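> I'd like to ask you about the structure that follows.
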Amino acid sequence: MDATEKREMKDLAKAITPRRLNNMAPRLAADAYEAIESYFNNSKSASIDLQQTYYPLVFRFTVRIMGMAEYASSPKELAKLINAFWLTQKNSGYWTTILPWLPQPRLLKRLYGAVTLWTMVRSTLNKRIQSGNREEDFAQDMIDQGHPAGTISRFVIGGLIAGILNTIGTGAYSVAFVGADAALQKQCRQAVNDGIRRACETHGEDFENLTPLERLQTVRLEDWEQFEEFEILHLVFKESIRLMLTNSLNRYYPGPTRNKDGSLRERLVIEGHEIEDDVYICFSPPSNLHDAKEYPNPFSFDPMRYKRGEGQTDYNFIAWGAGYHKCTGQRFAKLETIIALASFLLFTDELKTTDNNGEPYSLARVPLPDLSQAHWRSPTKPMRIQLLRNHSK
Ligand code: HEM
């Protein structure tokens, strides 16, 4: 990692400090509320495709935190940004990696996406600077600190990539799993109601006289993380991550490095194999997360497995990485996913995961995604979520 990348990593960590997350949480709750309201479009029920609805919500969360928050209040512009983002992501693959400049349709689409993304972020940034308008995203902190526009744009795009790729599919499937099991849904609904009530009492708020959104906005980061009531939501997310993750962990090994006194360190040995100089070592988290010895029935969705002691350490649940470069976005990823899932439960009376004809999927039949498509986790069979509006609203 060079000095610029190290600085960008530090900036990313600063963008999602607990203080910032706590400041932003009520805004994220309002975004989730607005999104769900828009699905209903003044009706009592709605039928949604998660890719077309949940994914934009996570984009909205991410632009609010990283930048440019202007997109969070402009659905049309946000849709343009999202489209450009996916052009860059969906058109990467084997050939674009091996022969990056070979003229091919994928390359052109990727370039078009990258240029659009860059131009949009740059022009929104310039407009903000020129107009003197202020937003609460981290790009604003960088503007205030006098960073050049190029550095800020690079940060924003990097933040979008880091913040979105692993979070969208895993969060969307958390909703789908909860919608496929009435007992699990009842448990989660109860958990949300009880946890939110406790948060209101803890923070001296009058639960009965608040709207559902105001109640949701009372919950602080630490409450979402520590209240035992919310544990089941975390287990659902953890199990969705276990089933969905497809990334690889890559490390460069230059060969033995030297100690401070100049003596050579020992050569790296992994599982009895001496590692050569100048190689990349790749590790596949999905193999760890589907290890049948650790996870009996590794392809079945079973959030209670963690209560039985499965997947308790970084080494048998490696989804967030391990060692020096563990995911720095873990708290943000959990916060946004749990707020979204809690909103789906709080602002509806029923969620049902169905096929295109409204036929419900049981938990075992929820169509899992085609994992070959970068991070765009579309289900292998049509899947929709039917929502029934909360009658008390
Ligand atoms: C379900 C959601 C997520 C999962 C499963 C996940 C997983 C991971 C993993 C496995 C790594 C380690 C990569 C490696 O060792 O090479 C990582 C690193 C990282 N993640 Fe996440 N991530 C998620 C969400 C996020 C979010 C929302 C952000 C930020 C907004 C984020 C920011 C980062 C950063 C900056 C690193 C690099 C840390 C470093 O190199 O020191 N991640 N993530």
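Read-outs throughout are calculated quantities, based only on the coordinates presented, and are distinct from any laboratory measurement. Just so you know, these numbers come straight off a predicted model, no measurement behind them. All Cβ positions, even for glycine, are placed from backbone atoms using ideal geometry, and neighbour counts span all protein chains on display.
> Which aspartates and glutamates, on any chain, are close to LYS293 with Cα under 14 Å apart, when same-chain ones fewer than 8 places away are left out?
Hits, sequence-local ones excluded: GLU310.
> Net charge around ILE82, counting only other residues with Cβ within less than 13 Å of its Cβ (Lys, Arg = +1; Asp, Glu = -1)?
That sum, taken over residues with Cβ under 13 Å, equals +3.
> Find the centroid of the Cα atoms in region 340-360 and in region 22-84, then give the distance between the two in whole Å.
17 Å
> What residues qualify as long-range amide H neighbours of LEU268, i.e. H under 5 Å apart, gap of 5 or more or another chain, H built at 1.01 Å from N?
Under 5 Å from the amide H of LEU268: ILE275.
> Please sort by residue number the trypsin sites (Lys or Arg not before Pro) in region 303-383 whose DSSP state is loop and whose Cβ has at most 12 other Cβ atoms within 10 Å.
Loop-located and lightly packed - LYS326.
> Karplus couplings for region 195-211 from phi (6.51 cos²θ - 1.76 cosθ + 1.60, θ = phi - 60°), rounded to Hz, Gly and Pro as x?
x, 5, 4, 5, 4, 4, 5, 4, 9, x, 9, 8, 3, 4, 9, 9, 6
> Same structure, new question: Using label points projected 7 Å from each Cα along Cα→Cβ, tell me how many nm separate SER263 and LEU108, to one decimal.
6.2 nm
> Let me ask something else. Through the Karplus equation 6.51 cos²θ - 1.76 cosθ + 1.60, θ set to phi - 60°, convert the phi angles of region 9-14 into ³J(HN,Hα) values in whole Hz; use x for Gly and Pro.
Values per residue, Gly and Pro as x: 4, 5, 4, 4, 5, 5 Hz.
> Let me ask something additional. If each of ASN126 and HIS325 carries a label point 7 Å out from its Cα toward its Cβ, how far apart are those two points in nm?
Taking the simple label geometry, ASN126 and HIS325 are separated by 3.4 nm.
> Label region 161-206 by shape, choosing from rounded, prolate and oblate, from the square roots a ≥ b ≥ c of the eigenvalues of the Cα gyration tensor; if a/c is under 1.5 it is rounded, and otherwise prolate applies when a/b is larger than b/c, oblate when it is not.
Judged from the Cα gyration tensor, region 161-206 comes out oblate (a/c at least 1.5, b/c at or above a/b).
> Based on the inverse mean of 1/r over its pairs of different Cα atoms, what is the Kirkwood hydrodynamic radius of the chain, in Å?
Answer for the chain: a Kirkwood hydrodynamic radius of 22.6 Å.
> For the residue pair SER92 and SER47, what label-to-label distance in nm results when each label sits 7 Å from Cα along the Cα-to-beta-carbon direction?
Between SER92 and SER47, the label points sit 3.6 nm apart.
> Which far-off residues, 5 or more places away or on another chain, put their amide H under 5 Å from the one on LEU368, with H placed in the peptide plane?
Residues meeting the criterion, in which the H sits 1.01 Å from N, are THR380.
> Could you give each residue of region 333-340 its phi-based ³J(HN,Hα) in whole Hz, using Karplus coefficients 6.51, -1.76, 1.60 with θ = phi - 60°, and x for Gly or Pro?
Per-residue couplings from phi come out as 4, 5, 4, 5, 5, 6, 5, 5 Hz.
> So who's got an amide H within less than 5 Å of the one on THR348, skipping anything under 5 residues away but keeping other chains? H placed 1.01 Å off N, in plane.
Under 5 Å from the amide H of THR348: ASN390.
> Another question about this same structure. Counting other beta carbons within 10 Å of each residue's own, what order do TYR33, TYR94 fall into, fewest first?
Ascending Cβ contact count within 10 Å gives the list TYR94, TYR33.
> Work out, step by step, the length gained on full extension between GLU208 and THR17: first 0.36 nm times the residue separation, then minus their alpha carbon distance; give nm to one decimal.
That pair, GLU208 and THR17, stretches by 65.6 nm at full extension.
> Looking at PHE301, ILE281, ILE161, which one has the Cα that reaches farthest to the positive end of the dipole of the chain (charges on Cβ: Lys, Arg +1; Asp, Glu -1)?
It is ILE161.
> Kindly provide the helix-only [θ] at 222 nm of the chain, computed as the sum of -39,500 (n - 2.57) over DSSP H runs of four or more divided by all residues, to the nearest 500 deg cm²/dmol?
-17000 deg cm²/dmol
> Looking at region 1-87, which trypsin sites (Lys or Arg not before Pro) are DSSP coil and have at most 14 other C-beta atoms within 10 Å of their C-beta?
LYS44
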